[in-house]
């Protein structure tokens, strides 16, 4: 393990965080917010940490192996989560554990909050809150690769450790060019949504915050009642559309830009994703129409928005789905686990993995009936290798085992089984709002400090897709004599 390179790159990331903190600082100074001092100290702390990392680090040997790549990505998320918590803590907005929780929730685009009254928080602090979403959505390491030259071929290890999904989707051969292309699409979607929301009647401040949260599939709002505050079908429609869009594979969007709309039809995962959105919307709308007394239009409106919000793991709320019938809530919980597409800003298991797992199950059934039959699993018309299939099986098993273990840990704090399952399901999948104690109209503020730590672990594991963090606990990962 070359700790000099790791330290050097973490120093660069810390300095980038210090620069990002200047944006809400300028806003705080302009509006005279009381938290301006907290942003100054936080920026100085980030700069000081950057200096310390640089003093120890060196970039003379630019050879980055798998171990350095994983160490940088894992270290970056831990360092940035700590630095991102400082404004909340130093301003007195939240106590330390809750501040770290809020920061991790922001950067992992989970959207779970411990703030009990959002509308009383300074606007500059809420902007920082939304900025953590936006930076974490595209991936702080992907941004880093895009704008920091001379990382070299080792950037592939950082990219693969950061970007989610079962396969390595590159839109162009070079990793830095891929990162830049993804960032351009990300910025374009953000700007387009902000413009449309402004035209729909949102203030400039609100449309920027909500565009940041939507494209990052995060879900932080500037109001306690989330999107319900606006009570606008047009605003809900715009945000719903962009939530679905943000749940798609960004590499696919680049391919569509280059080759045309036919690329959507060729992509099995995207078609399955849209099918899930449509069928879940139909089922929930029929259920709440029959059981909740909503009109036909209201049923479709609320069902589509919440389906888009949950499957994209954004977590915005337009209606209190915690009081919906059990059938609708069960569908939403299933969507929490499934998530959206690989290569998107969403969390969850990912649609591509679910599709492949379903195809594996069908192939095994056919093989049971016809033992001599040779069965192949395909995706987008191409054979899925045994290596990918084995990797998906391992991921799914580990995902469910960690879900069970984290749920058990959270239940040990005194939460009910239902509340514990809902909270871990919502946070390991980066959704945010859960059912019960942390439902659509509630927060995570009442959960014990230990429970918040458990949820923080769930959020980080979910965002980095388990293995990037878990590999750090293996002793051989740190042994310099091993060839990785």
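Every read-out reported here was derived from the displayed coordinates using simple, explicitly stated rules and does not represent laboratory data. Everything numeric in this text was worked out from a predicted model, so none of it was measured. Backbone-built Cβ (ideal geometry, glycine too); neighbour counts: all protein chains shown.
In units of the rule-of-thumb radius 2.2 N^0.38 Å, the range 6-53 shows an alpha carbon radius of gyration of 1.22.
Placing one equal scatterer on every Cα of the range 374-478 and applying the Debye formula, the log10 ratio I(q)/I(0) at q = 0.09, 0.16, 0.19, 0.21 Å⁻¹ is -0.31, -0.75, -0.92, -1.03. Spatially, the range 205-273 and the range 11-87 are offset by 28 Å when compared through their Cα centroids. Report the paramagnetic label zone for residue 446: residues of the range 321-350 whose backbone N is under 19 Å from a point 7 Å from Cα along the Cα-to-Cβ axis. Residues 321-324 qualify, since their backbone N sits under 19 Å from the label point. Taken over the C-alpha atoms, the chain has Rg and Dmax values of 21.9, 75 angstrom. Put in line by how crowded their Cβ is, counting other Cβ atoms within 10 Å and starting with the fewest, 298, 68 read 298, 68.
Grab the DSSP H runs of the chain that are 4 residues or longer, score each as -39,500 (n - 2.57), total them, divide by all residues and round the 222 nm result to the nearest 500 deg cm²/dmol. Mean residue ellipticity, 222 nm, calculated: -21500 deg cm²/dmol.
Working from Cα pairs under 8 Å separated by at least six residues, relative contact order for the range 374-478 is 22 percent. Which residues does a label at residue 380 reach in the range 216-258, if reach means a backbone N under 16 Å from a point 7 Å past the Cα toward the Cβ? 248-258, by backbone N distance to the label point. The peptide list 348-358, 215-225, put in order of mean Cβ contacts within 10 Å with the highest first, becomes 215-225, 348-358. Here the contact order of the range 285-415, divided by its residue count and restricted to Cα pairs under 8 Å and six or more residues apart, works out to 14 percent. So the label point goes 7 Å from the Cα of residue 65 along Cα→C-beta, right? Which residues of the range 6-34 then have their backbone N under 16 Å from it? Answer for this model: 6-7.
Put in order of Cβ neighbour count within 10 Å, fewest first, the listed residues 329, 262, 184 become 262, 184, 329. Summary of packing: across the peptides 120-126, 253-259, the per-residue average of other C-beta atoms within 10 Å ranks them, highest first, as 120-126, 253-259. For the range 170-272, the average shadow cast by the Cα convex hull is 7.4 nm², which is a quarter of the hull's surface.
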